[in-house]
Amino acid sequence: MTNQLVIKQIETKPFEGQKPGTSGLRKRVVEFEKGLYLHNFVQSIFNVLGSDKLKGSTLVVGGDGRYFNSQALQIIFAIAAANGVGKILVGQDGLLSTPALSAVVRARKALGAIILTASHNPGGKHGDFGIKYNVSNGGPAPEAFTNKIFDETKKISVIHMADNVRVADLSKLGTTEWTGFQVEVIDSVEEYWQLMQTVFDMKQIKELVARKGFVFNFDAMSGVTGVYAQRIFEKELGVAKDCLINCVPSEDFNGGHPDPNLTYAPELVKKMNAGLFDVGCASDGDGDRNMVLGKRFFVNPSDSVAVIAANWDAIPYFRAAGGLKGLARSMPTSAALDLVATRAMVPFFEVPTGWKFFGNLMDTDQLSICGEESFGTGSDHIREKDGIWAILCWLQILAHHNKDTTKELVSIESIVHNHWRKYGRNYYSRYDYEEVDTKLGDEVMKQIADTIATKSLVGRKFTGSDGVEYEIASVDDFEYKDPVDHSVSSHQGLRIRFKDGSRIIFRLSGTGSTGATIRLYFDKYEQRESHLFDDTQKHLSTLINIALELSNLQKITGRNEPNVIT
Ligand code: G6P
Ligand code: ZN
């Protein structure tokens, strides 16, 4: 005899500001803990989906294990049950990385997924929490959908919730049932690992890992990928246990900031700079971002996607697909990938920031590999960016270039250097000014937008300390028309383009939870052999000065230095 669901209708009132950003709704934990705050948002998702779609449907639910995950899961189960969902698949201990969740949605043909994460933002009682809805292709809901959720949050008045739905032990695999509703706890890694085996030649990677003297280190930053690393890197590929750092997921990421970049992964960066290992990688809280380091060498994410794309034939998945269907990057990402697309003669797309924009291109077979400057790299094997996948790509590429184990190791650095020799190099950097007063952030953007609108900048020339002249060729406010559904996304970043192809971009981040984060991006192409190996900041100094001068950023915000430089 199964349990009958006891369903209650709970009266509620809208909360202000439940508008999903670049990647779902992200707020401080204290916001989510306010009364029915989370309930409202979850019910709003279900209101948009509607009872016909929900009836008997399967949803995948999981998160990165941050504080409030466990409470949130039980609330979601209870609301889902009362809204007609038939089955919920949840990761063991509530854990599912964002890419694994995408893989499970696709493998199980689920209606969609709810993912509980604030990605790379700090967690814990005083940190951030987040919730995001993914649709049936396994990718983030498109803007039209998230706008509808927002509309629902503004008029919500009732929550349907089962009174007797609770899964006692999320650490045990298996199914708990009620009449017409069940929750199945699944292994967090298994289905993802199955998929990875169809993408890579694991035997070849295993041989690389076993190579005498070769050392690979991985830092999970106390996020969800610790679980994936233990299974995939250690158990399946033979990486030594002590080469896996911070691989126990923690509710507050051990007090850290789980963002794999040069600032927030200091432990790994220090060891790599000391030349201790051949490869050092890290992933963020929910496992969709990645950072790849060689011995004393940082692989810029924009270069990373370009090198992976240029080496597609090292990876069985792309060989089986008969090569590349197309390549894409977000607008502020460096143009290194464009050069690979041109040479490979495959279609190329420039989309706004946000992984959701790649989905339509993948669903219509126009896109194989894509990436963003924000440490996101992925392919059409799923519909999210994928940290572990990107790391496996690099290991596979390394293995491919090191088939002859008697020769000295062809390093990550030499693979990237050879890439630059072949294609030229895009010097690239991003400056972040975090937690700027929202009004001041808007003022900086307005100042640039106004100047851009007059077009008076076009033709203006600047001469750098190196004597190089930069002439502004065009200025605009980036707008994207989706070639598949024809939806238009406006105001996606202010662009200044120079005659030599260099670019300066100004954008406000869509993922912060307090104040405004102003991002400045610099991209400069260099082909001269004698200048391929300059210091990045030095090489970009003229562009950086131009950006600061035109935006008046320092004067308006009072900030002399960015918080983070990538
Ligand atoms: C998330 C999104 C990415 C985006 C990044 C930075 O990771 O999934 O698509 O590039 O945030 O976004 P932001 O709006 O903060 O620059
Ligand atoms: Zn993330």
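Phi angles of region 240-256 translate, via the Karplus equation with coefficients 6.51, -1.76, 1.60 and θ = phi - 60°, into HN-Hα couplings of 5, 3, 6, 8, 10, 9, 6, 9, 10, x, 10, 4, 10, 6, 6, x, x Hz per residue; Gly and Pro are given as x.
Ignoring everything except DSSP H segments at least 4 long, calculate the 222 nm mean residue ellipticity for the chain; use -39,500 (n - 2.57) per segment, divide by total residues, nearest 500.
The helix-only estimate for the chain comes to -9500 deg cm²/dmol at 222 nm.
The GluC sites (Glu not before Pro) of region 443-494 that DSSP puts in a loop, and whose beta carbon has at most 16 other beta carbons within 10 Å, are E479.
Whole-Hz Karplus values for region 276-288 come out as 6, 10, 7, 9, x, 10, 8, 9, 8, x, 9, x, 9 Hz, taken residue by residue from phi with 6.51 cos²θ - 1.76 cosθ + 1.60 and θ = phi - 60°; glycine and proline positions read x. Enclosing the Cα atoms of region 224-310 in their convex hull gives a volume equal to 104 cubic angstrom per residue. The distance separating the Cα centre of region 116-173 from that of region 177-216 comes to 25 Å. Kirkwood's formula applied to the C-alpha pairs of the chain gives a hydrodynamic radius of 24.3 angstrom.
For region 136-172, trypsin sites (Lys or Arg not before Pro) meeting the loop criterion (DSSP other than H, G, I, E, B) and having at most 13 other Cβ atoms within 10 Å: R166, K172.
One Cα centroid belongs to region 273-337, the other to region 500-529; the line between them spans 19 Å.
Sequentially through region 172-188, phi angles give Karplus couplings (6.51, -1.76, 1.60; θ = phi - 60°) of 9, 5, x, 10, 10, 10, 10, 5, x, 8, 9, 10, 10, 8, 10, 4, 5 Hz, Gly and Pro residues having no value and appearing as x. For M221, the residues whose amide H sits under 5 Å from its own are S283, ignoring neighbours fewer than 5 places away on the same chain, with H placed 1.01 Å from N. The modelled label-to-label distance for the pair R28/E190, using points 7 Å beyond Cα in the direction of Cβ, is 4.1 nm. Against the empirical curve 2.2 N^0.38 Å, the C-alpha radius of gyration of region 192-407 lands at a ratio of 0.96.
Restricting the calculation to Cα atoms, region 140-231 shows an Rg/Rh of 1.14 when the hydrodynamic-style radius is the Kirkwood one.
For V410, nonlocal amide neighbours, meaning residues 5 or more places apart or on other chains whose placed amide H falls under 5 Å from its own, do not occur. How far is helix 438-454 tilted off the main Cα axis of the chain, in degrees rounded to 10, range 0 to 90? Helix 438-454 and the main axis of the chain meet at about 50 degrees.
Beta bridges per DSSP, both residues in the chain: antiparallel share near 70 percent. Stretching the chain fully between E267 and K481 yields a gain of 72.8 nm (0.36 nm per residue, less the alpha carbon separation).
Relative to the longest principal axis of the Cα atoms of the chain, the long axis of helix 69-82 lies at roughly 50 degrees.
What is the count of Lys pairs in region 353-463 whose alpha carbons sit under 23 Å apart, if the two are 8 or more places apart or on different chains?
Working: K356/K385; K403/K422; K407/K422; K446/K455; K446/K461.
The number of close lysine pairs in region 353-463 is 5.
Rounded to two decimals, the Cα-based Rg/Rh of region 353-412, with Kirkwood Rh, is 1.12. The spacing between region 1-48 and region 371-446, judged by their C-alpha centroids, is 36 Å. Packing around the peptides 51-63, 383-395, taken as the average count of other Cβ atoms within 10 Å per residue, puts them in this order, highest first: 383-395, 51-63. Extension gain for D404 to Q527 (0.36 nm times residue separation, less C-alpha to C-alpha distance): 41.2 nm.
Between helix 98-107 and the chain there is an angle of about 60 degrees, using the helix long axis and the longest principal axis of the Cα atoms. This model, with +1 at the C-beta of Lys and Arg and -1 at the C-beta of Asp and Glu, gives region 341-434 a dipole about its Cα centre of some 420 debye. Of the trypsin sites (Lys or Arg not before Pro) found in region 186-217, the ones in coil according to DSSP and having at most 12 other Cβ atoms within 10 Å of their Cβ are K212.
Within a straight-line Cα-Cα reach of under 14 Å, K8 can be paired with the following aspartates and glutamates, leaving aside sequence neighbours fewer than 8 residues apart in one chain: D163. Taking 0.36 nm per residue of separation and subtracting the current Cα-Cα distance, fully stretching the chain between T438 and Q74 would add 127.6 nm. Annotation: amide H of D163 within the under-5 Å range of V6, I7, K8, sequence separation 5 or more or interchain, hydrogens built in the peptide plane.
Rule-based calculations on the coordinates, nothing more; no lab input. A quick note: this is a predicted structure, and the numbers were derived from the prediction, not measured. Methodologically, a virtual Cβ is constructed for each residue, glycine included, from the backbone with ideal geometry; neighbour enumeration extends over all protein chains shown.
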